[in-house]
Amino acid sequence: MNFDQTNDESSNTFLSRISRPITVIHQTIIDKLYPYRITRWLFALMLFAIYVLRIASIQGFHIVSYTLAIYLLSLFISFISPKVDPAAADYSDEIPTLPRTVGEEFRPFIPRLLESKFWLSTVRAIMISIFCTFLPFLDIPVFWPILVMYFIMCFQL
């Protein structure tokens, strides 16, 4: 008899029974918000304002803020970058081709990261950062101007 397997199955079903409704509710909310682009970004801006006010009021958590800024920068770069780099694409001839069939559509720019995924990742990152400001062990003393200079250098590269 293998008791580990039955225990694994029962805990697996227990976890799935708990996480499944939460996942369904989360996805339902995301699906309902999808058509409202401006509302979604205003919500993200509101969360970011709450985060900035929290950081300004407690005067700390520079590492958390720096990490959030770097992550948001990488998301933004992924959002404005094309899915297929035209310079690195392997063309059989040097002349760019137009669509060859009637059903084929010419798409000059397809982002690597879709706008909805960009928004969702942004909101999640801001919410995690807000949560991290309640954990005192993450308030590491640093000389913040160095972090700002490094961020600017990363942004320019």
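From the residues in the stretch 106-122 that are crowded, with 16+ Cβ neighbours inside 10 Å and hydrophobic (A, V, I, L, M, F, W, C), which one is modelled with the lowest pLDDT? Checked the stretch 106-122; the qualifying residue modelled with the lowest pLDDT is Leu113. The residue list Leu15, Leu42, Leu53 contains one member that is exposed (fewer than 11 other Cβ atoms within 10 Å of the Cβ) and modelled with pLDDT of 90 or more, which is Leu53. Looking at Ser74, is it surrounded by 15 or more Cβ atoms within 10 Å (Cβ to Cβ) and either under 20 Å from the mean Cα position of the chain (by Cα) or at positive phi (or both)? No. The numbered conditions (1) in contact (Cβ under 8 Å) with a residue 24 or more places away in the chain; (2) part of a helix (DSSP H, G or I); (3) surrounded by fewer than 17 Cβ atoms within 10 Å (Cβ to Cβ) are all true for Ile152 except (1).
Does the stretch 83-98 contain any residue that is outside any helix (DSSP H, G or I) and either modelled with pLDDT of 90 or more or touching a strand residue (DSSP E or B) at 6+ places or on another chain (Cβ under 9 Å) (or both)? Among the residues of the stretch 83-98, at least one is outside any helix (DSSP H, G or I) and either modelled with pLDDT of 90 or more or touching a strand residue (DSSP E or B) at 6+ places or on another chain (Cβ under 9 Å) (or both), which makes the answer yes. Got at least one residue in the stretch 131-146 being under 18 Å from the mean Cα position of the chain (by Cα), under 30 Å from Ile29 (Cβ atoms) and at pLDDT 75 or above? Yes: one or more hits.
The values are calculated or read from the model by the stated rules, or taken from the named source; none is laboratory data. This is a predicted model, so every value here is computed, not measured. Glycine also receives a Cβ, built like all others from the backbone with ideal geometry; neighbour counts cover every protein chain displayed.
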